[in-house]
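The values are calculated or read from the model by the stated rules, or taken from the named source; none is laboratory data. Computed from a predicted model, the values in this text were never measured in an experiment. Virtual Cβ from ideal backbone geometry, glycine too; neighbours counted across all protein chains shown. Heads up: the accessible areas ignore ligands, DNA and RNA and are worked out on the full protein's heavy atoms, side chains in. Shrake-Rupley method; radii C 1.70, N 1.55, O 1.52, S 1.80 Å.
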Amino acid sequence: MDTVDTDKLTRKFMKVALAEAKKAEEKSEVPVGAVIVRDGKIIARAHNVRTTKCDPTAHAEVLALRKAGKKLGVWNLEGCDLYVTKEPCVMCAGAIVLSRIRSVRYGAFDKRFGCGGTVLSLTDNPVFNHRAQTSGGYMECECATMLTEFFKARRVKKENS
């Protein structure tokens, strides 16, 4: 597959991840969406529901990994690729490594908690026995804007309370 095809597929799956992020936003959750793909087909999708479920582990990536494992009937997700709207945190990066995801493509960089190369590089760290090829900045503007606007609205709401 050439670069043009890869870019086109990445954009396609990032749009689905953004639609998932929108679902989170509609629930007043931090708007992050994730999609897991195998053989060019979406096998799992999820969005943040931390607040809704009162579950600190209910990040989009973790939920998508769980769904993918259940659908495939295995914990080992070799050959699967993850598309997510925001750089994975330490928890999600650990889950990605342990699940054997092949690659991670994310939108917005996370300057405070990003563990896909910004603050730390856990997903593709050579000290681990598995590494997920990781890169960011895909549809960065759309992903970052959604997050920025969400937190801006949250601050305004808090100030007006």
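For the stretch 98-115, indicate whether the set of residues that are in contact (Cβ under 8 Å) with a residue 40 or more places away in the chain and either out of contact with any Phe, Trp or Tyr (no Cβ under 7 Å at 6 or more places or on another chain) or part of a loop (DSSP other than H, G, I, E, B) (or both) is non-empty.
Yes: the stretch 98-115 contains one or more residues that are in contact (Cβ under 8 Å) with a residue 40 or more places away in the chain and either out of contact with any Phe, Trp or Tyr (no Cβ under 7 Å at 6 or more places or on another chain) or part of a loop (DSSP other than H, G, I, E, B) (or both).
Are any residues in the stretch 62-82 open to solvent by 10 Å² or more (accessible area, probe 1.4 Å) and either under 20 Å from Ala144 (Cα atoms) or aliphatic (A, V, I, L, M) (or both), and if so, which ones?
Once the filter is applied, which keeps residues that are open to solvent by 10 Å² or more (accessible area, probe 1.4 Å) and either under 20 Å from Ala144 (Cα atoms) or aliphatic (A, V, I, L, M) (or both), the stretch 62-82 yields Val62, Leu63, Leu65, Leu72, Val74.
I'm told Arg45 meets every condition in (1) under 25 Å from Leu98 (Cα atoms); (2) outside any strand (DSSP E or B); (3) open to solvent by 90 Å² or more (accessible area, probe 1.4 Å) except one. Can you identify the failing condition by its number?
It is condition (2) that Arg45 fails.
When only residues in the stretch 126-141 that are assigned to a loop (DSSP other than H, G, I, E, B) and closer than 18 Å to Leu77 by Cα count, which is most open to solvent (accessible area, probe 1.4 Å)?
Asn129
If you go through the stretch 91-117, how many residues are out of contact with any helix residue (DSSP H, G or I) (no Cβ under 7 Å at 6 or more places or on another chain), under 25 Å from Asp55 (Cβ atoms) and open to solvent by less than 60 Å² (accessible area, probe 1.4 Å)?
8
When you go through Lys67, Lys71 one by one, which is the residue that is in a helix (DSSP H, G or I), within 19 Å of Arg38 (Cα to Cα) and either modelled with pLDDT under 95 or over 17 Å from the mean Cα position of the chain (by Cα) (or both)?
Lys71
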